[in-house]
Structures are given as C-alpha cells and as structure tokens.
Amino acid sequence: MDKYIMKKALIQDIVFDEFNKVDYINIFNANENKYLRVYSEEMGSININTCRKHSLVDYVEIDDIKASFKRAIPIKRKMVLQGLKNEKIKSCMVTDTKEWGAFVSIMGISCILRNCDFSNDATAVRDIYKKGDTIEGIRFRKVSAKERISLEMKEKYTNPHSLSERNLKKGNIILGMIRNVKEDKNRCFVGISKGFDLLASIPNGEKISEGQKVVCMITGVNLEGYGVRGRILNIL
C-alpha cells in the first residue's frame, strides 16, 4: 500500500472525549467500501466546526484501519502550488479578513492575499469581500519566508472614485496602501491610485507592513521625474 496517495472519504461520526474535545473521526471510503478512523493527533489543521456528517474529506492511509488528515496536507499543498503556477487554479475562498488583507483557502490550504496585491489604490479586501465569499481571478505571487503561499489578483481592483492625476497636488491629504517596504533605506512605497505610488519615509519608531492603510500628505509631484513624494501622517 502506498501511504502517499491522497484519497477521499465521507465523515461518518465525530467522537468526543470526556473533556468535550475531538477524540477521533470515523470516515468511509465508498469507492473501496472501507471504514477508517482518524485520531486527534492525525487531524492537523482541519476545522472541526466546518465538518459535518457525510461531508467529504481528503486523507492518507496509515494502515488498514487508521488514516490521517495531517499527512494529506503536504500533498494538497503541492497540488495547489502546481495548479496556481500552471494558472489552472483561479479562485479562492475568504476564511478571515484582516487590516492588511485576508486569509483565503484553496482545497483547504491556507494562503494570503494582501491588500496591496488586491487593489491599485487604498481598497482593502474586506471592503469588497467577507468571510465565505469566493474571489475569482487570483494567481500565484510567491512563497513567503514563513512558507505562506501568497496570491495576487491577475487584474487588480480599482475604485472608480480613486485619485486621478489632477488630484496629485502638493499639500493634498490622501489615503493610500503600503505596497512595498524598504527598511534598509527607511522608505516605503504607498499605492495611491492606478499607476501612481507615493514614496515616503517610514515614521520614526513605527513598524509598518505591506497592505496597511495610511494617511499621507503629498509633499512633491514631478511625474516626469521623481514621481510623487509625501509624508505618512497616520497609520490606520
């Protein structure tokens, strides 16, 4: 038996212990007419709150009677990465929204979509989508230093009321999104509208990250030269 083959089964029962924690889950593979049991230590990151009787789950067999959800995760992750890189996977489901963006799920594998990879302006993922919504038109961006799969929109969202070139004037107070941080140079690029980023210094003592909303003041505009420069007034 190849333990590295991922299979599918239906949840039959979820059994709890005396402390009301999940002890094990009984599953049934209809194609092979086989019952197996998944103990708590082999459940991995599966969300029991979303599991229901007869819902479909992915698993890997340990032996003839025991199975694992946890050991199926690396297989699913590899499939997700391959599908994203081949552009066969183009959608994801929002599992949680944050100030910097959102956690999303593809085949049960958690990924991230930062606001700066979602929109051209200061529009956040949570401004458009909520938990449980499906986002179409995503693609692979990178695998982060923490091994997170990072996504981006193939065509970034643009607010129809976002800044135009005529609004880029010295002294104007604008809303933007941290798009790129250059900590070694103490600078960052702030997305303010489609095609326009504002270059600003990182405020002393402040920790900023990609995807955060900020309020800026424009201190200089030279679209044929250095572009748009400004100062961060507030981190939202």
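The values are calculated or read from the model by the stated rules, or taken from the named source; none is laboratory data. What you are looking at is a predicted structure, and each value in this text was computed from that prediction instead of being measured. Positions of Cβ are generated from backbone atoms using ideal geometry, with glycine treated the same way; all protein chains shown enter the neighbour counts. In case anyone asks, the SASA skips ligands and DNA or RNA and just uses the protein heavy atoms, side chains included. Shrake-Rupley method; radii C 1.70, N 1.55, O 1.52, S 1.80 Å.
Total residues in region 134-172 satisfying the condition of being closer than 30 Å to Ile73 by Cα, of a type in the set (Lys, Arg) and at pLDDT below 90: the figure is 1.
Let's see how each residue does on (1) modelled with pLDDT of 95 or more; (2) surrounded by 16 or more Cβ atoms within 10 Å (Cβ to Cβ); (3) among the basic types (Lys, Arg); (4) in a loop (DSSP other than H, G, I, E, B):
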| residue | (1), (2), (3), (4) |
| --- | --- |
| Asn49 | no, no, no, no |
| His54 | no, no, no, yes |
| Val57 | no, yes, no, no |
| Arg71 | no, yes, yes, no |
| Val80 | yes, yes, no, no |
| Gly83 | yes, no, no, no |
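Within this structure, Glu99 passes the test of being in contact with a Gly (Cβ under 9 Å, 6 or more places away or on another chain) and either assigned to a loop (DSSP other than H, G, I, E, B) or open to solvent by 30 Å² or more (accessible area, probe 1.4 Å) (or both). Taking region 156-236 and the strands (runs of 3 or more DSSP E) fully enclosed by it, the elements with 1 or more residues that are open to solvent by 70 Å² or more (accessible area, probe 1.4 Å) and among the aromatic types (Phe, Trp, Tyr) are at 187-193. For Arg141, state whether it is open to solvent by 70 Å² or more (accessible area, probe 1.4 Å), touching a residue at least 24 places away in the same chain (Cβ under 8 Å) and assigned to a helix (DSSP H, G or I). The answer is no for Arg141.
For the condition open to solvent by 30 Å² or more (accessible area, probe 1.4 Å), hydroxyl-bearing (Ser, Thr, Tyr) and touching a residue at least 24 places away in the same chain (Cβ under 8 Å), what is the one hit in Ser110, Ser119? Break it down stepwise before answering.
Working: Ser119 fails: open to solvent by 30 Å² or more (accessible area, probe 1.4 Å).
On inspection, the qualifying residue turns out to be Ser110.
For region 144-155, which positions are closer than 13 Å to Ser91 by Cβ and open to solvent by less than 90 Å² (accessible area, probe 1.4 Å)?
Just the residues of region 144-155 that are closer than 13 Å to Ser91 by Cβ, to begin with: 151, 153-154.
Once the filter is applied, which keeps residues that are closer than 13 Å to Ser91 by Cβ and open to solvent by less than 90 Å² (accessible area, probe 1.4 Å), region 144-155 yields Leu151, Met153.
Annotation note: Cβ proximity below 6 Å between a residue of region 21-40 that is open to solvent by 30 Å² or more (accessible area, probe 1.4 Å) and a residue that is charged (D, E, K, R) and assigned to a loop (DSSP other than H, G, I, E, B) (sequence gap 6+ or interchain) occurs for Asp23/Asp17.
Taken residue by residue, region 9-28 has no member that is of a type in the set (Lys, Arg), modelled with pLDDT under 95 and in a helix (DSSP H, G or I).
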